[in-house]
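Novice: Supplied in structure tokens, the structure appears directly below.
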Amino acid sequence: MSQMSETSRFTDHILATARGKSQAIIAKAEDERQRLLEEARRNIDREAAEITRNAEADAEGVKRREISEVRHRVKLREEMEKDKVLTDVLDETKKKVHEIVNDKNRYSSYLLRLVLDSIRQLGMQSVRVHLNAEDLKNIDTTALVREVTNTVKTPIKVEVAKNPLATSGGVVVSSSDDKIRIVNTFEQRFEALEPKLLIEAGRLLFGDHT
Amino acid sequence: MNPVSCDTAMSGLEIVKEIVDSEKEAGNLLVQAEAKALEIRKQVDDIILIEHEEKVSAAKKEAASTLQMAETRGKSEALQYEKESEVRIKELIQNASAKKNSAVKALYDIILR
């Protein structure tokens, strides 16, 4: 009886030990599962958060692009509209300047001023004045030369070239050998003054907007 | 033969058998435990896969919706800006057109100056 109970105690011990080990194996597996799940969940949450963060950044970019495109389009449109008005004003001004040739007195005094300016720039004692065919025909060139020589303080020889200039108005004054020329035709003045005219027109028409 | 020692020998065999049986059972218990542990570890991969799929696809869905909303909002703001700009440009050009004659005169004076 005593031997039996000793055997039973022994086998019970074997089984109890095995049960204990089994429980430990399962508990370890469950702990490991818990640890792996927590770690995986942290990684998944990070991945999901990154997707959300990237989407928010992309969304901001998409919105900015939409607005930026329209701003660019509007800016172009505005520039185009302003350009039309500026071109119109420049064309109108050119037309008005060309009309000065119809006012003989005004045009003559304007030509005189251009010739005097050109002579001052040339700084020579002998000059040649070039006019277009229309002016050669309509302007009293003798009077023009006389007025020039009277106005210029130093002695000067002024002659008017016979060959007409291809220009709508204004003058070219050259050295007598034609090597140095001061061009003061309408076309040249428009070209030279265009940047200044555009700035001035922009200021007058659009104020601070330009 | 001593009956007592015979009885003792028989008991010994039974004892050994009982011990061997309990060792077997103990071995089985350990094998079952290992199998269960393996099953538990295998479940982890499946659970992770499912949770990953659920959360990532939800995040992607939300991301697509965020993008869509941003595009819609951007288009709407852009349209509003375009409308306001139309009015502003129109006024700007009207004001400029009203000053055209005085500008022509000013430029004319610059050229003939």
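Novice: Considering each residue of segment A:25-75, count those that are over 27 Å from B:VAL56 (Cβ atoms) and β-branched (Val, Ile, Thr), and give that number.
Specialist: 5
Novice: All but one of (1) facing another protein chain (nearest Cβ under 8 Å); (2) surrounded by fewer than 16 Cβ atoms within 10 Å (Cβ to Cβ); (3) more than 28 Å from A:GLU194 (Cβ to Cβ) hold for B:LYS83; state the number of the condition that does not hold.
Specialist: Going through the list (1) facing another protein chain (nearest Cβ under 8 Å); (2) surrounded by fewer than 16 Cβ atoms within 10 Å (Cβ to Cβ); (3) more than 28 Å from A:GLU194 (Cβ to Cβ), B:LYS83 breaks only (1).
Novice: Here's a follow-up. I'm told B:ASP46 meets every condition in (1) under 35 Å from the mean Cα position of the chain (by Cα); (2) surrounded by 12 or more Cβ atoms within 10 Å (Cβ to Cβ) except one. Can you identify the failing condition by its number?
Specialist: (2)
Novice: Regarding segment A:175-183, can at least one residue be identified that is touching a strand residue (DSSP E or B) at 6+ places or on another chain (Cβ under 9 Å), buried (at least 16 other Cβ atoms within 10 Å of the Cβ), hydrophobic (A, V, I, L, M, F, W, C) and at pLDDT 95 or above?
Specialist: Taking every residue of segment A:175-183 in turn, at least one turns out to be touching a strand residue (DSSP E or B) at 6+ places or on another chain (Cβ under 9 Å), buried (at least 16 other Cβ atoms within 10 Å of the Cβ), hydrophobic (A, V, I, L, M, F, W, C) and at pLDDT 95 or above.
Novice: Next question. Does segment B:91-99 contain any residue that is at negative phi, within 41 Å of the chain's Cα centre (by Cα) and more than 9 Å from every other protein chain (Cβ to nearest Cβ)? Don't jump to the end; show me each part of the working.
Specialist: Initial filter on segment B:91-99 (at negative phi): B:91-99.
Then keep just the ones that are within 41 Å of the chain's Cα centre (by Cα); that gives none.
The answer is no; no qualifying residue exists.
Novice: Enumerate the pairs (first residue in segment A:76-91 and modelled with pLDDT under 95; second residue anywhere and part of a helix (DSSP H, G or I)) with beta-carbon separation below 9 Å, excluding pairs fewer than 6 apart on the same chain, so at least 6 apart or on different chains.
Specialist: none
Novice: Additional query: Which residues, taken from segment A:26-44, are within 7 Å of another protein chain (Cβ to nearest Cβ) and closer than 22 Å to B:ALA64 by Cα?
Specialist: Scanning segment A:26-44 gives a single hit, A:ILE44.
The values are calculated or read from the model by the stated rules, or taken from the named source; none is laboratory data. Model, not experiment: these values are computed from the prediction. Ideal geometry is used to build each Cβ from the backbone, glycine not excepted, and the neighbour counts take in all protein chains shown.
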